[in-house]
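Below is one structure, written out as structure tokens; the observations come after it.
Where a number appears in this text, it was derived from the coordinates with a stated rule and is not lab data. Keep in mind the model is a prediction, meaning the values are calculated, not measured. Here the Cβ is made from the backbone with ideal geometry for all residues, glycine too, and neighbour counts use every protein chain on show.
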Amino acid sequence: MLVSSLVAGLGLGSMYGLIALGFTLTFAVSGTVNFAQGSSFMLGAVSLHMLAISYRWPVVLAVLAAMLVCAAWGLVVERLAIRPFVKAGSNAWLMATVALGIVVDNAAMAIFGKEPRSLPSMLADDPWIMGGVGIYPLQIIIPVVGIVLAALLQQGLKRTSLGLKLRAAVQNADAARLMGIDVTALVAATFAIAAVLAGVAGMLVAPLFNVAYDMGTLFGIKAFAVAILGGMTRPWGVVIAGLAYGLLEATTTALLGSGSTQIVTFSVVIIALAIAPEGLFAKRQVARV
Amino acid sequence: MSLTVSRRQFGLFSASALLLHSGIARSAEPIKIGLVAALSGQSAKSGEGITRGLSVAIDEINANGGLLGRPVQLIRRDDESNPAKGQTAARELADSERVAAIFGGIDSPVSQAIVPIVNAAKMPFMGVWAAATNITRNGADPNYCFRVSAVDVLVDKRLIAHGTGVMGMKKPGLMLVNNGWGASNNAGLESAAKEAGVTLAGVEKFEDKDVDMTPQLQRLRDQGADGIILVGNAAPGAQVMKGLQRLAWTAPVVSHWGISGGRFPELAGSWASKVHFVQTYSFFGKQSAVGTKVTKALQAKYPDIKTVGDIVPPVGVANAYDAMMILAMAISAAGSTDGEAIRVALEGLGRYEGLIKTYNKPFSHTNHDALDENDYVMVRYNGEQIEPVAG
């Protein structure tokens, strides 16, 4: 029982981690939280299904196009639901991102349809049997992709000029502007990257589950809990928190039944935050007075 | 002078025309029949099946002159499988649309939520899919809830018998959706197992939106289950089959009919055909005269129906067709669309040669279920089509 829970938990956990990474990125750069991040997850899966199944595009091309759709969606979120409110010094971006997420979910319902659909994949067709437990190749690939993407992001932030600019903007946006960095464009790019990360998570998870216009809601909420738990500014903390959350979810269901899953997992989140209010892996902020 | 006469004539003409028009309008005013069902979401196919059954029946009624000299019109509302939305829709149909009766959909929790509303409004309610026992057996007197569909308490006996008989289960485990419908079947299956002397390995619950069922299945496996009795709709039902596949567990599965309300074969993949499930009617095999007539009408109205296998889900179509025809008989017998008169007429109906069977007194004051365990057939998916299995 533990082996199957472990595999399922790691797969789900890395998905939460990927979506939560998006929260971390955009929060670090803009100081805002994109509550439409769950919709980016849905948009990746729905776009891939429509392009690869309905329009019969080659899978690789469909994946790339779906990533572009997500990136464009991220830019739209930043332009319509973040920038005007940040500029006005208002916190209304919170409601605006929620509202924009609802709009795109409903648009997806109108275009994609109301029924859940299946996304067939060779990687989630016949499981490998190991020790009496079947594991789909995709279940192995998902955590690997999640961890690799997190590592790439970490290295990208450290070693590329874009990463350097991002870190500069995070440290002091005004100073970064004075150094000639286009912080506005940088924030927009971050939202696009965050949306692509969530979209990739949606595409990866779709063959194991179903594709539906409302699939992002629950994943988005859980990923936000993971982002808070990991520490909103700590990419690796978020990835580890995602994996831990997925494992906790799977083992709780295995040991206590699914009726207890949300009770236990969200209670643990509350307890963890009571102990470490800035997240389990966040650096303590020092305020000079 | 001529102007005065002309005005009088005009006035008289106008008044006559107005009276005549309102008289025609009243006599031609349709009798509205409401439907509150899942027309979207994971059970959308169930709503489509019910719509088709009702539409074919209404076309037939209207072709024969309608009811009480008036045409019949179907008014549909989407409950999105949400009890609160179902309640709102039922109130709107009763208060604004002034329907003569309301038909229900696949979701027992929605129908259970509507029951007190229709009983308070003295509005006849006809269940054509949702099988929770307490929809019709709700304790109200007078009771305005009727059903032409399966009843959980009877289906559960059939599931236990089929699982332990044809499918060879010795110690089945239960996988139930965590809502009112699941609870209704939990009680029914435990009672049916006890009655049949069958020991259940365990009971596991899942949520409609759960994406991984392997932990629950593994728990049942660890408790010694050698088969699964499933109660859930298409999408979570498909996740159960994927979970079994992931566990490489080839246990037989017998299911209530919720899985036939959506895209189960597509969502469950290659293991979909392993599940035997219950229906009240199969369009396969030799058909009665009514069966042939309904099949032809469906094929004429819906071009996507090429063969009887394309009539999916058959249970929604067949139950809705018979229920609409029975309701039509009651409205004719009542001579009015008054809810109380229709209820009394439904309880006193005689013989009706229907699609599913010939009903002899389908309802009485104490029995509001027109079908019983003798009317159930076991089926399975063959590709997208539903075909009968032996036993």
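Points worth noting:
- Charge dipole (Cα centre; +1 on Lys/Arg Cβ, -1 on Asp/Glu Cβ; no other charges) of chain B amounts to roughly 620 debye.
- Selected from A:142, A:263, A:53 as most flexible by GNM, with chain A as the system and alpha-carbon contacts under 10 Å: A:263
- Among the listed pairs A:114/B:242; B:45/B:122; B:209/B:242; B:170/B:209; B:286/B:306, a Cα-Cα separation exceeding 26 Å is found for B:45/B:122; B:170/B:209.
- Cα gyration tensor, the protein assembly as shown - rounded (a/c under 1.5), prolate or oblate: oblate
- Between the Cα long axis of helix B:2-28 and the first principal axis of chain B there is an angle of about 20°, rounded to the nearest 10.
- Selection from B:332, B:307, B:344, by position along the positive dipole direction of region B:280-391 (Cβ): B:307
- As a length-normalised measure over Cα pairs under 8 Å and 6 or more apart, the relative contact order of region A:2-275 settles at 41 percent.
- In this structure, residue A:271 and residue B:91 have a Cβ-Cβ separation that, at R0 = 51 Å, corresponds to a calculated FRET efficiency of about 0.75.
- Helix A:261-275 axis, angle to chain A major axis (alpha carbon atoms, nearest 10°): 30 degrees
- Between region B:57-71 and region B:116-192, the Cα center-to-center distance that results, in Å: 32 Å
- Take the Cα radius of gyration of region A:204-255 and divide it by 2.2 N^0.38 Å, N being the number of residues; the result is 1.25.
- Check: the protein assembly as shown dipole with +1 on Lys, Arg Cβ and -1 on Asp, Glu Cβ, in debye: 1320 debye
- Between 0 and 90°, nearest 10: helix A:216-230 axis offset from chain A longest Cα axis: 60 degrees
- Considering only A:213, A:71, A:187, the residue lying farthest towards the positive end of the dipole of region A:2-275 is A:187, judged by Cα position with unit charges set on Cβ.
- With each label modelled as a point 7 angstrom along the Cα→C-beta vector, the residue A:128-residue A:255 pair spans 2.8 nm.
- Cβ-to-Cβ counts within 10 Å put B:336, A:47 in ascending order as B:336, A:47, the fewest first.
- The share of C-alpha pairs in region B:261-306 whose separation exceeds 16 Å stands at 58 percent.
- Rounded FRET efficiency, nearest 0.05, which uses the C-beta distance separating residue B:190 from residue B:366 and R0 of 22 Å: 0.30
- Close amide-amide hydrogen proximity is noted between residue A:135 and A:128, A:129, A:130, each under 5 Å apart and 5 or more residues distant or on a separate chain (H modeled in the peptide plane; Pro and chain starts excluded).
- Calculation over all alpha carbon pairs of region A:131-289 in 10 angstrom steps from 0 returns a P(r) of 9, 30, 35, 19, 6, 1, 0 percent.
- Taking amide H atoms as placed 1.01 Å from N in the peptide plane, the amide H of residue B:37 lies under 5 Å from those of B:77, B:79, each 5 or more residues away in sequence or on another chain.
- Cβ-derived FRET efficiency at R0 45 Å, residue A:80 paired with residue B:387, nearest 0.05: 0.30
- Placing a pseudo-label 7 Å from each Cα along the Cα-to-Cβ vector at residue B:199 and residue B:289 gives an inter-label distance of 5.5 nm.
- Choice from B:305, B:58, B:135 showing the highest fluctuation, given a GNM over chain B with Cα pairs closer than 10 Å: B:305
- Extension gain, residue B:64-residue B:140: 0.36 nm per intervening residue step, less the Cα-Cα distance, totals 23.8 nm.
- Rg to Rh, two decimals, where region B:57-200 supplies the alpha carbon set and Rh follows Kirkwood: 1.08
- Basic side chains Lys and Arg get +1 at the Cβ, acidic Asp and Glu get -1 at the Cβ, and with that the dipole of region A:2-275 about its Cα centre reaches some 660 debye.
- Residue among A:54, A:30, A:118 with the largest mean-square fluctuation in a Gaussian network model of chain A, springs linking Cα atoms under 10 Å: A:54
- By the beta-carbon count within 10 Å of each Cβ, the least crowded to most crowded order of A:167, B:158, fewest first, is A:167, B:158.
- Three-way shape label, region A:59-215, alpha-carbon gyration tensor, a/c 1.5: oblate
- Taking a point 7 Å from the Cα of residue A:94 along the Cα-to-Cβ direction, the residues of region A:29-53 with backbone N closer than 13 Å to it are A:32-35.
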